[in-house]
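Inspection log for the structure reproduced underneath, given as C-alpha cells.
What follows is calculated from the coordinates using simple rules that are stated; it is not laboratory data. The shown structure was predicted, so the numbers you read here are calculated from the model rather than taken from an experiment. Heads up, the Cβs are rebuilt from the backbone with ideal geometry, glycines too, and the neighbour counts pull from every protein chain shown.
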Amino acid sequence: MKAIKYTGLVLFLIGLSIFTATLFLGSFTLSKADITEFTNSRNIKSELLQSKLESAVVGQQINSVFTFSSLTRAALESANQEHKNREEWDKVVWDKPHTFSFYLAKKAGSGYVKENSGLLWWLTFGLAIIGALLFILPNVILLGAPGIKNDGIYHKASTNRGWIAWGVLIYLVGFYLLLYFMPDYVVNWTFILDPISQALNGGPASQWFVYGFLYCTVMVVMGVRMYIKYRHNKYQVLRTTSVLFFQIIFAFLIPEIMYSLNMPGYDFKNAFPLDYDFFFEWNLDTLTSSGAIGLFILVWGIVLTLIIVPVMVYFFGKRWYCSWVCGCGGLAETLGDPYRQHSDKSMRAWKIERWLIHSVLVFSLVMTVVTLYCYFSGAEAFLGIKSQWIKDTYSFLIGAWFAGVIGTGFYPIFGNRVWCRFGCPLAAYLGMVQRFKSRFRITTNGGQCISCGNCSTYCEQGIDVRAYAQKGENIIRSSCVGCGICSAVCPRGVLKLENGPEKGRINPTQVLLGNDVDLMDYVNKSNPQ
Amino acid sequence: MEEHIVIIGNGISGVTTARHIRKLSDKKITIVSAETDHFFSRTALMYIYMGHMKYEHTKPYEDYFWSKNRIELKRGYVTTVNTDAQSLQFSDGSHMTYDKLVLALGSKPNKFGWPGQDLKGVQGLYSKQDLDMLEENAPDAKSCKRAVIVGGGLIGIEMAEMLRSRDIPVTFLVREKSFWNSVLPDGESAMLNRHIKSHHIDLRLNTNLDEILSDKNGRVRAVKIKETSEELACDVVGLTAGVSPNIDFLKDSKIECGRGVKVNRQLETNIPNVYAIGDCAQQREAIGLRRSIEAVWYTGRMMGETLAQTICGRPMPYNPGHWFNSAKFLDIEYQTYGWVFSKPLEGHTHFHWIHQDDDKCITIELNEKDRTFKGINIFGIRMRHEIFDRWLTENRSTDYVVEHLRDANFDPEFFKGFEKDILSAYNDHFGTQLQLKKKSWKRIFTTS
Ligand SMILES: Cc1cc2nc3c(=O)[nH]c(=O)nc-3n(C[C@H](O)[C@H](O)[C@H](O)COP(=O)(O)OP(=O)(O)OC[C@H]3O[C@@H](n4cnc5c(N)ncnc54)[C@H](O)[C@@H]3O)c2cc1C
Ligand code: SF4
C-alpha cells in the first residue's frame, strides 16, 4: 500500500514537472500576413505598431515565449508612446501588454507542445491525476476504520508549515501571478487544452479556460481525498458532492456551452458582489444586447443577490452558499482541507477580519454605485471617483491579489479560507443576514465540552468555537460557513449544526448544565451577559 | 485592601473558580501552579502526541486573558501550607499569604507498589511533564518496539490509541474480565473489547502485572505477567490504573485528609477559609449515588462554579444535577446521562440494544416495575444533554423516552437514525406496542 502511495507521489511530481517545463518549450514565428490579420481582427489602427511588430519578430524563429513576450511588449509600448506623444489617442492600444502578447503568442506558437497536445495532456494532467489518485486511494486502507483521521497533521512538513508547505505556497503564488498578470508566459498550457476547449465551446483555450479546467480537476481529485477522509460523515460526503457538482456544471460547463451557442457565458450561481463585475459596463452591454437570455441573466443576477441569497440564509445559514455551492468555497474545502488548521483564532485576527471584510463590501458597493451612475449618466466619474479607476483598482487589488494570489496561494500557511474570511464581500453580506436573521446555529450540547480545542483548531474560519462550547453557548457567528468540521472532530459530541426556531437560538450561559438547577437559574438569569 | 484569594492548581476547577470570582467581585486572585504557566486542557493531552494539535491549541484562553481579568499567575510548587499563619511556602523558599485558600490540586497516577515501577521508561499520563516524557520514551516505532499499558480505564485506552497512532505495538493488560467492566455493563464492555482488538491492540483480559524488569541501565526491559509468568519485552510501560488525589504535601498541615481533602457540602475543609474542589476533594457525606471523589472534568468545573458563589458571600452547597459524562474509545464516542451501572441496582433492570455493525449500542437502566427511566449509556450515537436532563428531572418512563428518542438525537444532519431499530427491539423486549414520535422542535425547546 505504501509502495503504491509513493509511486503515485512520484508520478504526480513527474506530471507537475512536465507541466511546469512546458512553459519553456515551443517556438514562436509570425509572418507579415499573420500580423496584418491580427491587427485587423482586433481593430488596431496603428500602422506604427504593425511595422514595429514586423521588424521585431517577422522572419525569425523565437524559441522562448519569454523572449517573444518581451519583443512584442517592447513594440507595443514604444508604438503607444509615440502615439501618446502625438496625441493620437485612437491609435493607442489599451490592452495590457502581457495580454496583448498573449493574443499574439497564441497565434505564433508552434512546436512540440502544440503539435502533440493529446500526448502532453496525458504527460501533464494525466500523470498528475493518476499519480494523485494513487497517492490518495490507498488511504481507504491505510487510514483504518472510518473516523476522524488527523493523526500526525502537526508532525508533517506539508501540513505543519514546514518546507513542503512553503514550497506549495511558492508554486501557487507563482501560478497565480502568471495567470493574472503574465498570461502570455503560460500560453503553452493553453495549447495543451485547445482540443478540449474546441470540443466544449468551439474556440481555442484561453488562460481562463486553463484555470477553469485545472480548478475542476484539482477539486475532483482533492474531493476524492475528502470522501475518503470523512467517509463516516454523511454531511461531509454530501457537501463535497454538492460543491463538485456546482463547480463542474455551473461554473465550468454551462458557461462554456453558452459560449458555443453564442450566448454570454454566465455562472448562474455566482452572486454579486462576489461576481464583482456583474454591473460593469461591458457586462451590462453584453447582456442587454444578447436578447432574452441576456435579460434573463440580468434579472436572475439581481434576484439571486437580493432575494434568493438572503432567504436561503434565513432558512439554512450562509453555509448553503459558502460550503455547498460556491466555487471559492469549493476549492477551499477540497484543495484547502489539509490546511484548515492554520487559520488564526486570536481575538486580534477576529478584529482584523471584521474591519477588512466589511471594508471590501463597502468598496465593492461604492464601485458598483459609481459604475452604474456613470453607465446611465454617461459621466466619467461620480463623487469625484473615476469609474475606470475604481474598477481597475478593485479588479487588481481585490479580484486578483486578494482573492487569487493571497486567497489561494497562501493556503499552506494561513489556512484555506483567507479570502472567504477576510475578503469576500458576498460572505460579509451573507454573514450579516446569518448573524441577525437566521434559523441556523451550531448548538452546544449542554455541559459536555471538555475544552480540548479540536473544534477551534480545525475551524477554517478562525472561530474560537471552544470559547462558546465551553460556556454552553450556541455558536452564532457571521463568519461561520457551516462546513461542519468542528462537529466532526469533536470527540465528545458537543456540536451540531442545525436550523431551528429563532427563539432560543442565542443562549448566553454563565453556569453550565449539570450543575445545581437553582444555581444555574440564579446566575444565568441575574447576569445574562 | 481587597481579600486575597489564592488558588493552588490551574486546572479546570481552580480556573473556573477564579473566573467566576472575578465576575462577582474585585477580590485579588492568584493562581499557583507547578505544572505550566497557563491553564491548558488536560483532556487534550493525547491529541498533542497524536499530532492533532499543538500544546498552544489546548489553552482555552489566550495568554492576555489573565492580566486583562486581573488574575495573577504564579508558577511554583507549594511545599507547605501553614493554615495558622495563612501562608504558603514554595520549593524555592519564597512565601505567599492568603485570606482564603482554594485547593484545586488534581490527581496523580496510581502506583500500587509494583517492583520496578520507578524504572526509566515507566510512566503514567497525567501532566504536561508526563506527555513530554512520553514523547521522549516513545517517539516512534523504531525506538519503542513495544509498549505495555497496565490498567484498563479511560486513560489507559487513550494511551493505547496515542501509541498506536505512531504504529507502536501495544499490549494492554486489564485486570477485569472485560474492558472497563466495573463501570460498563457486559454488552458494551464486550463490544469495546472487540473494537480495541480491531485496532491491533493486544488486549489481555484477566491479566495482572507481576513486576517490571530492568536492564543494566535501569531502564525497563520487560514486564512479567502474574498469571502466566510470561515475560513481555517492551521499551515503555504505561501505568494507568486509575488516579488518586495529589495531596501528599498536605500531610503535615492541619487540613484533614482522607484519600482526598475532606470537604463538606459547601466545599469547606476543616480549616476556616480553606476550600477544596475538583479531583482532590473528597465529600464527607454522600451526594446521591455519586462517589465521594469524582475525578472528572465536569465535576471540577461545577465545583468551581459553586465555590465562587460561596467565596463571594453567597454560600452555596455543591449540589450537582443529574450525572453525565462522556469519553471516546478509539473511534467510538460514548455519552452517559443518569445512572447506568455495570449490574443494574436492586429493583432495576437493563435494556440493551446493539447495532449489527458492532460499533453502536445503548443500555438503559430502568425500574423493573414501573419502567421509570434511570439512565442511559450511548455508544456511537450522539444525544442531547438537555433533553435527557429534563427527562430525568421529570421522572419519565422509559416508554416515553424510547418513543421520543428522535428529540434527543444529536448526530450531525443527514446521519442515519437508529431510533426505529431501538424502538422495535424495545417493543420485542417488553411486549409493548410503542410508536416512534416525530422530532419536534417545540418539545426540544420547551423548558420544563
Ligand atoms: C489524559 C487524561 C484524559 C482525561 N480525559 C477526561 C475526559 O475525557 N473527561 C473527563 O471528564 N475527564 C477527563 N480527565 C480527567 C480530568 O482531566 C480531571 O478530572 C481534571 O483535569 C481535574 O481538574 P482539577 O482542576 O481538579 O485538577 P488538575 O487539572 O489536575 O489541576 C491541578 C493542578 O494543580 C497543580 N498542583 C498540585 N499540587 C500543587 C502544589 N503543591 N503546588 C503547585 N501546584 C500544584 C498541578 O500541577 C496541576 O497543574 C482526563 C484526565 C487525563 C489525565
Ligand atoms: S472539540 Fe468538542 S469537546 Fe473539544 S473544545 Fe470543541 S466542543 Fe469542546
Residue-span extension gain [A:Ser64 to A:Ile308] - 0.36 nm each, minus C-alpha spacing: 82.9 nm
Chain A: calculated mean residue ellipticity at 222 nm from DSSP helix runs of at least 4, using -39500 (n - 2.57): -17000 deg cm²/dmol
Amide H within-cut-off set for B:Arg221, under 5 Å, with H built and near neighbours excluded: B:Leu213, B:Ser214, B:Asp215
Residue list for the range A:108-129, given a label point 7 angstrom along the Cα-to-Cβ vector of A:Ile14 and an amide N cut-off under 11 Å: A:123-124, A:127-128
Label-point separation, A:Thr99 to A:Gln388 (7 Å along Cα→Cβ), nm: 1.2
Full-stretch length increase - B:Lys442, B:Ser182 - with 0.36 nm per residue and alpha-carbon distance subtracted: 89.7 nm
In range of the label at B:Thr97: residues from the range B:8-31 whose backbone nitrogen is under 20 Å from the point 7 Å along Cα→Cβ: B:8, B:27-31
Backbone HN-Hα couplings from phi across the range A:279-293 [Karplus 6.51/-1.76/1.60, Hz, Gly and Pro as x]: 9, 5, 3, 4, 6, 4, 4, 4, 5, 5, 9, 10, x, 4, 5
Trypsin sites (Lys or Arg not before Pro) within the range B:355-448: DSSP coil, no more than 12 neighbouring Cβ in 10 Å: B:Lys369, B:Lys416, B:Lys438
Inverse mean reciprocal Cα-Cα distance (Kirkwood Rh) of the range B:122-241, Å: 14.4
Viscosity 1.567 mPa s, temperature 4 °C, Stokes-Einstein D of chain A from Kirkwood C-alpha radius, µm²/s: 51
Rough spin-label spacing in nm, given labels placed 7 Å along Cα→Cβ, for B:Asp248 and B:Leu289: 3.6
Calculated from backbone phi, Karplus (6.51, -1.76, 1.60) coupling profile of the range B:379-389 in Hz, x at Gly/Pro: 10, x, 9, 9, 10, 7, 4, 4, 5, 5, 4
Projected area averaged over orientations for the range A:179-236, convex hull of C-alpha atoms, nm²: 5.3
Residues of the range A:33-62 with amide N under 14 Å of the 7 Å Cα→Cβ point at A:Arg86: A:45-52
Cleavage-rule hits (GluC sites (Glu not before Pro)) in the range A:1-90: DSSP loop, at most 14 neighbouring Cβ within 10 angstrom: A:Glu87, A:Glu88
The range B:183-284 - Kirkwood radius from inverse mean 1/r over Cα pairs (Å): 17.6
Kirkwood hydrodynamic radius of the range A:158-438, Cα pairs, Å: 19.9
Degrees, to the nearest 10: A:425-436 long Cα axis against longest axis of chain A: 20
The range A:392-484: Rg to Rh, with Rh as the Kirkwood radius over Cα pairs: 1.05
Residues A:Arg417, A:Arg354, B:Arg194, A:Arg441, sorted so that the one with the fewest Cβ neighbours within 10 Å comes first: B:Arg194, A:Arg354, A:Arg441, A:Arg417
Peptide B:52-63 - average C-beta neighbours from other chains (10 Å radius): 6
At q = 0.11, 0.16, 0.21 Å⁻¹, base-10 log of I(q)/I(0) for the range A:224-360 (Debye sum, equal scatterers on each alpha carbon): -0.52, -1.00, -1.32
Convex hull volume per residue in cubic angstrom - Cα atoms of the range B:223-346: 193
Dimensionless Rg ratio for the protein assembly as shown, taking C-alpha atoms and the 2.2 N^0.38 Å reference: 1.10
Per-residue average of Cβ from other chains inside 10 Å of B:293-305: 4
Relative contact order of the range B:306-412, pairs being alpha-carbon contacts under 8 Å that are 6 or more residues apart, as %: 22
Descending semi-axes in Å of chain B, equivalent ellipsoid built from Cα gyration tensor: 37, 32, 20
Filter on A:Lys229/B:Lys23; A:Lys471/B:Lys111; A:Lys229/B:Lys197; A:Lys351/B:Lys54; A:Lys2/B:Lys54; B:Lys111/B:Lys216 - keep pairs with C-alpha separation over 32 Å: A:Lys229/B:Lys23; A:Lys471/B:Lys111
GluC sites (Glu not before Pro) within the range B:1-81: DSSP coil, no more than 11 neighbouring Cβ in 10 Å: B:Glu2
Share of alpha-carbon pairs per 5 Å distance bin for the range A:1-74, given as whole %: 3, 14, 17, 16, 11, 8, 7, 7, 6, 5, 4, 3, 1
3J(HN,Hα) from dihedral phi, the range A:48-53, Karplus parametrisation 6.51/-1.76/1.60, rounded to Hz, x for glycine, proline: 4, 4, 4, 6, 5, 4
Per-residue [θ]222 nm for chain B (sum of -39500 (n - 2.57) over DSSP H runs n ≥ 4, rounded to 500): -7000 deg cm²/dmol
